[in-house]
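The values are calculated or read from the model by the stated rules, or taken from the named source; none is laboratory data. Just so it is clear, the structure is predicted and the values come from calculations on it, not from any experiment. When we count neighbours, we look across all protein chains shown, and the Cβ atoms used for this are built from the backbone with ideal geometry, even at glycine.
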Amino acid sequence: MVVAADFFHDRPVLVTGATGFIGRRLVTALRERDARVRVLVRSISSVPLDWERVETVTGDVADSASLIRAGAGIDTVIHAAGFAHADAANTPEFVARHWAINAEGTFRLLDAAVAAGVKRFIFLSSVKAVGEPGSSWVDECWDTSPETPYGQAKRAAEERVLAVGRVTGMPVVNLRPALVYGPGMKGNLPRLIDAVRRGWLPPLPETGNCRSLVHVDDVVQAVLLAAARPVAAGQTYFVTDGQSYSGRELYLLIRRGLNLPEPHWALPAPVFYGLAKLADGWLRLAGRRNHPVQTALNQVLGGAGYDSSRIQRELGYRPEWTLARYSESARAGRGS
């Protein structure tokens, strides 16, 4: 991936969330470009032993003093830290954690960045910062309110990022990745893969729904471009792999990656939803007030399609991965 190599040479860059799924790949890409990388980590023990020439600052987004230390002398901040349980139960505890980390933590980091004279600020948000589009295929003009505490906190952070950019003149960018896949991924997609591997999930039907995904390396590409291209300042972009996946297509690509044969039948969608409702009923008797099984099913058969052509057009973003390519890579044992 050749993206803005000269731009990052000897440039001091702070990465939050550096030991996470996306953050680790970001640090690798920045080191390859000879950036002077600093990371904010809660524990020094989480830093990989092979991260030579990476400066560490211990702290977190709840600790303003640590943010001030982390921002001193920094040119570019890439804020990838966050509480990533996007589909966690809507309990007061989780609502408070989303707001404290994803919203207020970003507010504190912005304050520290402004005080330190940081030159640019890139925020890793999420497509969850807007409401799901259902059967529509939407671009950045889609501005419905987010539906989850995670999305609401991300949206509040985005709005503060743009406001700080307007007031101070600091170039700021919000990036909204779709569901991110790749080596080391967590969340709903790995659970779906595990269910297919174990034979727990019957073949999904073709419902014609559209879902967007993006490979972790292409998220990194988008971050580097957002930092390096002046035209990105003050903008918010969706980031996807440019493909549209139905639930059936996801299921078949997963089976291909697992070297499993393609089934020639499918369980009808009403049957799936009926079973999910029954399972959630049992869970409700056990004390679970939300609907985890139906929520998980909606993640596969529901609609969430996002158009990332704007970032391609304006920043030259070119996704290198599709889930089909990733599945073939996994089947060949390369994993990427």
If you go through 61, 27, the only one that is crowded, with 22+ Cβ neighbours inside 10 Å and within 21 Å of residue 182 (Cβ to Cβ) is 27
Go over the candidates 242, 303 one by one and state the one that is surrounded by 16 or more Cβ atoms within 10 Å (Cβ to Cβ) and modelled with pLDDT under 95. 303
Condition (residue is part of a helix (DSSP H, G or I), closer than 19 Å to residue 252 by Cβ and touching a Lys or Arg at 6+ places or on another chain (Cβ under 7 Å)) applied to the range 220-229: is it met by at least one residue? no
Could you tell me how many of the residues in the range 114-130 are more than 22 Å from residue 308 (Cα to Cα) and part of a loop (DSSP other than H, G, I, E, B)? 3
Quick check on my filter: what residues within the range 92-106 are closer than 9 Å to residue 157 by Cα and either surrounded by fewer than 20 Cβ atoms within 10 Å (Cβ to Cβ) or of a type in the set (A, V, I, L, M) (or both)? 103, 104
Tell me the helices (runs of 4 or more DSSP H) entirely within the range 233-336 that contain at least 3 residues that are free of Cβ contacts under 8 Å to residues at least 40 places away in the same chain. 269-285, 292-301
Which residues, counting only those in the range 226-237, are crowded, with 24+ Cβ neighbours inside 10 Å and more than 18 Å from residue 139 (Cβ to Cβ)? 227
Screening 279, 266 for residues that are modelled with pLDDT of 95 or more, surrounded by fewer than 18 Cβ atoms within 10 Å (Cβ to Cβ) and either of a type in the set (Gly, Ala, Ser) or out of contact with any Cys (no Cβ under 8 Å at 6 or more places or on another chain) (or both) leaves only 266
Check on residue 169, surrounded by fewer than 24 Cβ atoms within 10 Å (Cβ to Cβ) and either within 13 Å of the chain's Cα centre (by Cα) or closer than 29 Å to residue 313 by Cβ (or both): yes
Check on residue 107, touching a strand residue (DSSP E or B) at 6+ places or on another chain (Cβ under 9 Å) and not aliphatic (A, V, I, L, M): no
If we scan the range 150-160, do we find a residue that is assigned to a loop (DSSP other than H, G, I, E, B), under 21 Å from the mean Cα position of the chain (by Cα), at pLDDT 95 or above and surrounded by fewer than 19 Cβ atoms within 10 Å (Cβ to Cβ)? no
Checking residue 123 against (1) touching a helix residue (DSSP H, G or I) at 6+ places or on another chain (Cβ under 6 Å); (2) within 23 Å of residue 44 (Cβ to Cβ): exactly one of these is not met. Which one? (2)
List pairs: first in the range 104-121 and touching a residue at least 60 places away in the same chain (Cβ under 8 Å) and closer than 9 Å to residue 64 by Cα, second polar (S, T, N, Q) and surrounded by 19 or more Cβ atoms within 10 Å (Cβ to Cβ), Cβ under 8 Å, 6+ apart or cross-chain? 109/16
